[in-house]
Amino acid sequence: QVQLVESGGGLVQAGGSLRLSCAASGRTFSSYAMGWFRQAPGKEREFVAAINWSGGITYYKDSMKGRFTISRDNAKNTVYLQMNSLKPEDTAVYYCAVRRGMDVTTTPSSYDYWGQGTQVTVSS
């Protein structure tokens, strides 16, 4: 069993930045791929970014490229999402997830454990 706890969400003005963190329990964290997803009211959960077990491979949704950066620190069992140049349309609940595999994937159903989410609100 893996437990995930997100933090770092909040209210920010358009153009601002936030850094989300996701702390994971479990000794096998370094063997798993991690992902960030988000869900806005009335919309489906969508892929944001993912990182493989070592951190050597990352993947982003096109609209996040150049603005968001995913990274991980396996010594701290933590994955991060640095979000810059935020836009009002980035407003959503952001979730981190663990995939019991080393490779990167964008499909929510491919992930096995989820955090409770953290709210990000970007004002115009």
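The values are calculated or read from the model by the stated rules, or taken from the named source; none is laboratory data. Since the structure is predicted, the reported quantities are computational estimates derived from the model, not experimental observations. As a convention, Cβ positions derive from the backbone with ideal geometry for all residues, glycine included, and neighbour counts pool all protein chains shown. Calculation scope for accessible area: heavy atoms of the full protein, side chains included, ligands and nucleic acids excluded. Shrake-Rupley method; radii C 1.70, N 1.55, O 1.52, S 1.80 Å.
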Low-density loop cleavage sites - trypsin sites (Lys or Arg not before Pro) in region 8-105, where at most 14 other Cβ are within 10 Å (DSSP): Arg27, Lys43, Lys65, Lys76, Arg100
Magnitude of the Cβ-charge dipole (Lys and Arg +1, Asp and Glu -1) of region 1-91 about the Cα centre, nearest 20 debye, reported as 120 debye
Could you give the length gained by full extension between Ser7 and Glu44, i.e. 0.36 nm per residue of separation minus their alpha carbon distance, to one decimal place? 11.2 nm
Whichever lysines have a C-alpha closer than 18 Å to that of Lys87, once near sequence neighbours (fewer than 8 apart) are set aside: Lys43, Lys61, Lys65
Taking only the alpha carbons of the chain, what extent do you get along each of the three principal axes, in Å, biggest first? 41, 27, 23
For region 1-72, averaging the sequence separation of alpha carbon pairs under 8 Å that lie six or more residues apart and dividing by its residue count, the contact order in percent is 20 percent
With the other protein chains left in place, how much accessible area per residue, in square angstrom, belongs to the chain at a 1.4 angstrom probe? 50 Å²
Quick check: at a probe of 1.4 Å, how many percent of the accessible area of the chain sits on carbon and sulfur atoms? 47 percent
Kindly state, to the nearest 0.05, the FRET efficiency for Asp112 paired with Ser30, given R0 = 22 Å and r defined as their beta-carbon distance. 0.90
